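> Mind having a look at this structure? Questions to follow.
The values are calculated or read from the model by the stated rules, or taken from the named source; none is laboratory data. As the structure is a prediction and not an experimental result, all values here were calculated from the model. In this analysis, Cβ positions are derived from the backbone assuming ideal geometry, glycine residues included, and neighbour counts consider all displayed protein chains.
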Amino acid sequence: MPEDAMSDWPRYRLIQRLLHWGIALLVLPLIAVGIVLGILGFQGAVDAFGFEATNTLYITHKTGGVLVLGFMAVRIMARLRYGKPRYAIPLENRLQKIASESVHGLMYVALIAMPALGWAANATGGYPINFFHWVLPPLMAENDALSAVFFQWHAIVGWTLLGLVSVHIAGALYHWFIRKDGVMTRMSLLPSPRPGQGD
């Protein structure tokens, strides 16, 4: 791309970029807390951290899940409204395009399924659906057997999402440091450089 090109790198709309990074900042700590609570269990967490800290961890985890679910709904609406920008430099081959779209699509599904399954697991288990200091309606009747299934799938989707995020980050680093094709600029919150400058 010529140094004197006058147009900026193609970018997502600001609302899309803010949602992307906001969800990322929520999801990674939520996964970490979920792993700890899943390994220790409630009583194990109480033994390790004390009752008050454990209660705070559970409330924070549930609150974060509700936020992710809400942000993903807005993100999907923004994607339908604004679409996605073109690539400044096309992807190398069809296989790379399929891999990129598959990972992104699966991440969207996982980011909706994981908090939805968490909500269902808590509701059917008779546990409160905390959102900060409020308790949201369960929307489902109590059923211990169903709750166990929902919790199991919540964990499976969580581990799957962690794997997808790892692949997503690896791909972003590849485009940033190796290919240097402006892909990172599409979602960056930093001022957009002119093509040929610093990418």
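> State all residues of the range 80-101 that are modelled with pLDDT under 95 and not in a loop (DSSP other than H, G, I, E, B); if no residue qualifies, say none.
The answer is Arg94, Leu95, Gln96, Lys97, Ile98, Ala99, Ser100, Glu101.
> Hey, another quick one. Can you spot a residue in the range 27-44 that is closer than 20 Å to Ala170 by Cβ, touching a Phe, Trp or Tyr at 6+ places or on another chain (Cβ under 6 Å) and either at pLDDT 95 or above or loosely packed, with under 12 Cβ neighbours inside 10 Å (or both)?
no
> While we're here: Go through the range 85-122 and report how many residues are surrounded by 15 or more Cβ atoms within 10 Å (Cβ to Cβ), farther than 30 Å from Val33 by Cα and touching a residue at least 12 places away in the same chain (Cβ under 8 Å).
4
> Any residue at all in the range 51-70 that is more than 27 Å from Gln152 (Cα to Cα) and either assigned to a helix (DSSP H, G or I) or in contact with an Asp or Glu (Cβ under 8 Å, 6 or more places away or on another chain) (or both)?
no
> Restricted to the range 11-55, and to residues that are among the polar types (S, T, N, Q) and more than 14 Å from the chain's Cα centre (by Cα), which residue is farthest from Pro85 (Cα to Cα)? Give the derivation first.
Step one: list which residues in the range 11-55 are among the polar types (S, T, N, Q), which gives 16, 43, 54-55.
Now drop any that are not more than 14 Å from the chain's Cα centre (by Cα), which leaves 43, 54-55.
On the way: Gln43: 48, Thr54: 43, Asn55: 43 Å.
Here the residue is Gln43.
> Do we have Gly126 as loosely packed, with under 14 Cβ neighbours inside 10 Å, closer than 29 Å to Ala32 by Cβ, in contact with an Asp or Glu (Cβ under 9 Å, 6 or more places away or on another chain) and not hydroxyl-bearing (Ser, Thr, Tyr) here?
Values: loosely packed, with under 14 Cβ neighbours inside 10 Å: yes; closer than 29 Å to Ala32 by Cβ: yes; in contact with an Asp or Glu (Cβ under 9 Å, 6 or more places away or on another chain): yes; not hydroxyl-bearing (Ser, Thr, Tyr): yes.
Yes, satisfied.
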